[in-house]
Ligand code: SF4
């Protein structure tokens, strides 16, 4: 049995959570302590079994007033896929202009997310 400590990040309470896990494949969570609400238990389960993250990065822009546009995933992706997704983002080159929310890449590495622009880029004069 492994004891794992977490701080729930879902709200400002930041509850300290402890999970007890049987070291199997997949791991079996036997007990979770410390959550003030059920969301904390669900979050710890996901952190242990399939941690998810949103990521931010930038893509290259041609013909714009900036050579880069900041981007992010529009939803969380599995932590294990982040390097693959970053590799695909690195290959993206888009033409200006770009508006906030524009999709520059869909379903990178097979993940259920789009990569969207978070800062607009105007065409260069
Ligand atoms: S367990 Fe519930 S109350 Fe505690 S930090 Fe997480 S979401 Fe907030």
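The values are calculated or read from the model by the stated rules, or taken from the named source; none is laboratory data. For clarity, every value in this text was computed on a predicted model and none was experimentally measured. Cβ atoms come from the backbone with ideal geometry, glycine included; neighbour counts cover every protein chain shown.
Can you tell me which residue is farthest from residue 82 (Cα to Cα) among those in the range 37-55 that are within 10 Å of the ligand (Cβ to nearest atom) and part of a helix (DSSP H, G or I)?
Here is the first cut: in the range 37-55, the ones within 10 Å of the ligand (Cβ to nearest atom) are 37-44.
Narrowing the set further to residues that are part of a helix (DSSP H, G or I) leaves 38-44.
Numbers: 38: 27, 39: 24, 40: 24, 41: 24, 42: 22, 43: 19, 44: 20 Å.
Going through the qualifying residues, I end up with 38.
Can you pull out every residue in the range 8-36 that is more than 6 Å from the ligand (Cβ to nearest atom) and in a loop (DSSP other than H, G, I, E, B)? Explain how you work it out, then say what you get.
Residues of the range 8-36 more than 6 Å from the ligand (Cβ to nearest atom): 9, 12, 16-34.
Hits for the range 8-36 are 9, 12, 23, 24, 25, 26, 27, 34.
Among the candidates 85, 61, 94, which residue alone is part of a helix (DSSP H, G or I) and more than 25 Å from residue 25 (Cα to Cα)? Can you show your working first?
Numbers: 61 fails: part of a helix (DSSP H, G or I); 94 fails: part of a helix (DSSP H, G or I).
Only one candidate passes the filter, namely 85.
Quick test of your reading of the structure: residue 61 fulfils all but one of (1) away from the ligand (no atom under 16 Å from the Cβ); (2) more than 30 Å from residue 94 (Cβ to Cβ); (3) crowded, with 17+ Cβ neighbours inside 10 Å. Name the failing condition by number.
The single condition residue 61 does not satisfy is (2).
Look at the range 39-50 and say how many of its residues are farther than 17 Å from residue 79 by Cα and modelled with pLDDT under 95.
Within the range 39-50, the subset farther than 17 Å from residue 79 by Cα is 39-41.
Now drop any that are not modelled with pLDDT under 95, which leaves none.
Matching residues across the range 39-50 total 0.
Identify, by number, the condition in (1) at pLDDT 95 or above; (2) over 15 Å from the mean Cα position of the chain (by Cα); (3) within 16 Å of the ligand (Cβ to nearest atom) that residue 104 doesn't meet.
(3)
Report yes if some residue within the range 98-118 is in contact (Cβ under 8 Å) with a residue 40 or more places away in the chain, over 27 Å from residue 50 (Cα atoms) and assigned to a loop (DSSP other than H, G, I, E, B); otherwise report no.
Checked against the condition, which is being in contact (Cβ under 8 Å) with a residue 40 or more places away in the chain, over 27 Å from residue 50 (Cα atoms) and assigned to a loop (DSSP other than H, G, I, E, B), the range 98-118 yields no hits at all.
Criterion first (surrounded by 13 or more Cβ atoms within 10 Å (Cβ to Cβ), in contact (Cβ under 8 Å) with a residue 12 or more places away in the chain, touching a strand residue (DSSP E or B) at 6+ places or on another chain (Cβ under 6 Å) and on the phi > 0 side of the Ramachandran plot) does residue 34 satisfy it? Please lay out each step first, then the result.
On the way: surrounded by 13 or more Cβ atoms within 10 Å (Cβ to Cβ): yes; in contact (Cβ under 8 Å) with a residue 12 or more places away in the chain: yes; touching a strand residue (DSSP E or B) at 6+ places or on another chain (Cβ under 6 Å): yes; on the phi > 0 side of the Ramachandran plot: yes.
So residue 34 fits the description; yes.
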